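Down below is the structure, laid out as structure tokens.
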Amino acid sequence: MPAYDGSRSLYTAGELPFKSMDFVVKLGRREIEYTVTIRYAARANLCHLQQFINGQQRDSPHDAIQALDVVMRESPSLNYVTVSRSFFSKQFGTGNIGEGLEFWRGYYQSLRPTQMGLSLNIDTCSTSFYKSIPVVQFVDEFLRVTNPMQPFSDRDRLKIKKALRGVRVETTHQQGKRSIYKITGITSVPLAQLSFSCNDGPQLTVVQYFEQRYKYRLQYTAWPCLQSGKDSKPIYLPMEVCEIIEGQKYPRKLSDPQVASILKATCKRPQERENNIIQMVGRNNYSADRLAQAFRITVANHMVEVQARVLPPPVLKYHESGREKTVAPSVGKWNMINKKMVNGRTVDRWTCLSFSRMVHHDVVRICYDLVHMCKSIGMDFNATPVIEVQSASPNNIEAALRNVHINAPNLQLLIVILPEISGHYGKIKKLCETELDIVSQCINPKSPKNKQYFENVALKINVKVGGCNTLLEMPKGIPFVPDAPTIIFGADVTHPVAGEDSSASIAAVVASMDWPEITTYKALVSAQEHRQEIIQNLFWTTTDPEKGTAVNGGMIRELLLSFYKKTGQKPKRIIFYRDGVSEGQFSHVLLYEMDAIRKACASMEQGYLPPVTFVVVQKRHHTRLFPDHRRRDLTDRSGNILPGTVVDTDVCHPSEFDFYLCSHAGIQGTSRPTHYHVLYDENHFSADALQMLTNNLCYTYACCTRSISVVPPAYYAHLAASRARYYDEQAEGADGASVASGGPAAFRQLPQVKDKVKEVMFFC
């Protein structure tokens, strides 16, 4: 029996009785004839796979692993809807999420080489699908149509065009015959105005054509028509005669309420998720699969048990003036009671601008409570704003911000109460950070204004004005780092949401600016080619057109220079946490980005080559660690594994340096450990030292009194890249915007973050 990968490759357990043979097949209602050639290509060497698993060779035998993975995916791909490495079916469960969409439950499956041998990684998952409903009903739900006789606005037409482009529909106006089409667009005019020439005869409207040809009277004539085929020869499909075919994934970004609906419905406690996975494995009955049997593959019906350790939490230091000068976090969290920030900054010049519907008294009260909180935990905060608290309409955001900038020069902080309607945050941040050079703190009017909320906002404000909230106790808190000046980088690339085929990708690099404390960071951002994962602007060299001399630049070099200015020392060690890289990109990213780091260092001083440790940070994986649920001492209150749980054997790479670390306490659902994979290590970290450093850094995140799930420099880079996405999206049509080219698609350069903002942790 062969296993087919759905593309160009076919795998068999033994040799076929021929080297090459042509087969003629007929497909479709018209029985179109195709010739399929099966030709011997290669033999996958399973001996190399065994040697790789045993750690006897470092090169991964991708061909053998891929062949066996295809074998394990053959049966589910025939029975379920396949989306990347996951399988979905309505029989696993569905739920409505609004706007013509629903979620389907399913499972992720991947065959992975580990220290135990080949492991089948299974996890439950959910994703969004189009409902199998008439297109008219989809439009009703998606646009919330109140009057079907009213024509579409240009905005609504564009929204529907984006939502339905690429969707397969079948027609319903002919009894006993259903034709399938792929939507390529929608018409710019309503159905009533749409006409064409039928067989070189007189012009007919689509409405007339359907009435004469099919005796079908169209009702939604004010709506545009779906379009299929080529633009030069379009096929017009009235919406009311089309139905969306079942099993099509929705490829675009979901709204916040839709995401919340999926999370609410699919968020499972650890024990429930574990049981669901076991049931899924039992339902699939892998060992009874005929193809698996042909390849002599057997799958255990229980999860593997692995050895884990729980790292102790670090001791955190606070200011000497507080009643509690140190704290030992308990189960990944602590609080600010009786504590003062290590470096609480002074804020003399501030004001507040409200775009909310709140009455003036409530806005003033929020400001008072926030200032009181800032002062109570260690900041020196002027109780009186430099200009009176003001309110403005969300329609006048730019004018209101510019007015504040004029009337309150040298402002240290602007508190902004956001409008109740979402969608304005990005515009505010872009104006403040790239034009007005104002450090801002936004307040969500819908958030509960309790003590915890104000405490978290106060922590953000302090680092945004250059302060520091807490430190790790030295030297135990940061192993290895205090011995020599060390800079820790975090880097990430965020890509446009699905369905956006032209927007730039955004790269962000942050670096620690203090040593040995490692608490404050500076961020730089840069746009690059669409979906380019390798960071392009780490280092560059050009020639001065006037002097003819070499000019060096790039994000790594700029951050190294900033570190030198702040500390008076060049780093003697570099630790680089790189987020967002898949396994298939490891070698390319390492090769290019390590070279850029090397060149940036060498550009500062001849022979300057500090040792580098390059660690990839992976959060989007499907490895889950479940505790022994009978042992309450091994779980937190949510039933998850304890913060500090680390696994570096069994399910890890057969020969490389990697580990799974759960550094945070679960709040809801099942905790996902972060996978750290060391691609290059010139600092010669021991596993214990790097795990302890990474875990302890997770307690230094500035914005809350909890340990977080991803090492802060990597998470800060993600936040900075996400912030810069607002700069890009808001820059459409901006005066003076430049367009850079050099790749398959041009991209708009990001506006520069202003100097005062750039020097602080504005991205928090």
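In region 171-208, which residues have a backbone nitrogen under 14 Å from the label point lying 7 Å from Arg217's Cα in the Cα-to-Cβ direction?
208
Please give me, ordered by residue number, the trypsin sites (Lys or Arg not before Pro) of region 6-69 that lie in loop per DSSP and have at most 16 other Cβ atoms within 10 Å. Don't skip to the answer; put the middle values down first.
Values: sites: Arg8, Lys19, Lys26, Arg29, Arg30, Arg39, Arg43, Arg58; in loops: Arg8, Lys19, Arg29, Arg30, Arg43, Arg58.
Listed in order of number, the matching sites are Arg8, Lys19, Arg29, Arg30, Arg43, Arg58.
Under a plain spin-label model, where a point goes 7 Å from the Cα along Cα-to-Cβ, how far apart in nm are Asp650 and Phe196?
Label-label distance for Asp650 and Phe196, simple model: 6.2 nm.
Among the DSSP beta bridges whose two residues both lie in region 550-705, what percent are antiparallel, rounded to the nearest 5? Each step should come with its number before you reach the end.
Values: 15 of 21 bridges.
That works out to approximately 70 percent antiparallel.
Can you tell me what percent of all Cα-Cα pairs in the chain are more than 34 Å apart? If you can, show how the numbers build up before the last one.
On the way: 173273 of 291466 pairs.
That tail contains 59 percent of the Cα-Cα pairs.
Between Gln56 and Arg43, what is the label-point separation in nm under the 7 Å Cα-to-beta-carbon projection?
Once both label points are built, they end up 1.8 nm from each other.
Assuming 0.36 nm per residue, please report the length gained on full extension of the stretch Ser376 to Gln293 beyond their Cα-Cα distance.
Working: separation 83, 0.36 × 83 = 29.88 nm, distance 6.79 nm.
So the chain would gain 23.1 nm between Ser376 and Gln293.
Out of the chymotrypsin sites (Phe, Trp or Tyr not before Pro) in region 32-127, which ones are loop residues according to DSSP with at most 16 other C-beta atoms within 10 Å?
Numbers: sites: Tyr34, Tyr40, Phe52, Tyr80, Phe87, Phe88, Phe92, Phe103, Trp104, Tyr107, Tyr108; in loops: Tyr40, Tyr80.
In loop regions of region 32-127 (DSSP not H, G, I, E or B), the sparsely surrounded chymotrypsin sites (Phe, Trp or Tyr not before Pro) are Tyr40.
Restricting to DSSP H runs of at least four residues, report the calculated mean residue ellipticity at 222 nm for the chain, -39500 (n - 2.57) per run over all residues, nearest 500 deg cm²/dmol. Before the final figure, lay out each step's value.
Numbers: 17 runs with 201 residues, N = 764.
Calculated at 222 nm, the ellipticity per residue is -8000 deg cm²/dmol.
Excluding Val25 itself, calculate the net charge of residues whose Cβ lies under 13 Å from the Cβ of Val25, where each Lys or Arg counts +1 and each Asp or Glu counts -1. Display every interim value, and only then the final one.
Details: positive: Lys26; negative: Asp22, Glu31, Glu33.
Every neighbour counted, the sum reads -2.
Return, ordered by residue number, the residues of region 427-443 whose backbone nitrogen is under 19 Å from a label point located 7 Å along Cα→Cβ of Asp348.
Answer for region 427-443: 438-439.
Roughly how large, in nm² to one decimal, is the mean projection of the convex hull of the alpha-carbon atoms in region 344-464?
Numbers: hull surface 26.5 nm².
Directional mean of the projected Cα hull area for region 344-464 stands at 6.6 nm².
Can you say what percent of the DSSP beta bridges in region 471-757, counting only those with both residues inside, are antiparallel? Round to 5.
Values: 35 of 47 bridges.
If we restrict to bridges inside region 471-757, about 75 percent are antiparallel.
Can you list, bin by bin at 10 Å, the percent of alpha carbon pairs in region 288-406, starting at 0?
10, 22, 18, 15, 11, 9, 11, 3
Grab the Cα-Cα distance for Glu170 and Ser9, subtract it from 0.36 nm times how many residues apart they are, and report the gain in nm with one decimal.
Working: separation 161, 0.36 × 161 = 57.96 nm, distance 3.09 nm.
Result for the pair: 54.9 nm of gain on full extension.
Starting from region 535-615, pick out the trypsin sites (Lys or Arg not before Pro) whose DSSP state is loop and whose Cβ has at most 11 other Cβ atoms within 10 Å.
Lys547
Hey, which aspartates and glutamates would be in cross-link range of Lys340, C-alpha to C-alpha under 18 Å, not counting anything within fewer than 8 residues on its own chain?
Leaving aside aspartates and glutamates fewer than 8 places away in the same chain, those within reach of Lys340 are Glu320, Glu324, Asp369, Asp380, Glu455, Glu473, Glu517.
7 Å from Cα along Cα→Cβ at both Glu605 and Gln752: what's the point-to-point distance in nm?
Taking the simple label geometry, Glu605 and Gln752 are separated by 2.7 nm.
If you take every residue apart from Arg155 with its C-beta less than 12 Å away from the C-beta of Arg155, what net charge results, scoring Lys and Arg +1 and Asp and Glu -1? Present the calculation step by step, with values, prior to reporting the outcome.
On the way: positive: Arg157, Lys159, Lys161, Lys162; negative: Asp154, Asp156.
Residues close to Arg155 contribute a combined charge of +2.
Estimate the FRET efficiency between Trp540 and Phe586 by the formula 1/(1 + (r/R0)^6), using the beta-carbon distance for r and 22 Å for R0, to the nearest 0.05.
Details: r = 23 Å, r/R0 = 1.07.
It comes to 0.40.
Along its principal axes, what span do the Cα atoms of region 602-662 show, with the longest given first and each in whole Å?
Cα extents, longest axis first: 60, 26, 20 Å.
So how much slack lies between Lys325 and Lys547, counting 0.36 nm per residue of separation and subtracting their Cα-Cα distance, in nm? Don't skip to the end; give the middle numbers.
Details: separation 222, 0.36 × 222 = 79.92 nm, distance 5.59 nm.
Extra length available between Lys325 and Lys547 comes to 74.3 nm.
Over 31 Å between Cα atoms: which of Lys253/Lys599; Lys264/Lys333; Lys182/Lys264; Lys339/Lys522; Lys182/Lys268; Lys215/Lys253 fall into that group? Intermediate results must be reported in sequence, preceding the final value.
Working: Lys253/Lys599 38 Å; Lys264/Lys333 24 Å; Lys182/Lys264 33 Å; Lys339/Lys522 26 Å; Lys182/Lys268 36 Å; Lys215/Lys253 40 Å.
Exceeds cut-off: Lys253/Lys599; Lys182/Lys264; Lys182/Lys268; Lys215/Lys253.
What's the FRET efficiency of Ser179 with Lys570 using the Cβ-Cβ distance as r and R₀ = 60 Å, to the nearest 0.05? Don't jump to the answer; show the numbers that get you there.
Details: r = 69 Å, r/R0 = 1.15.
So the FRET efficiency works out to roughly 0.30.
Rule-based calculations on the coordinates, nothing more; no lab input. Please read all numbers here as calculations on a predicted model, not as lab measurements. Counting neighbours? That spans all protein chains shown, and the Cβs are built from the backbone with ideal geometry, glycine included.
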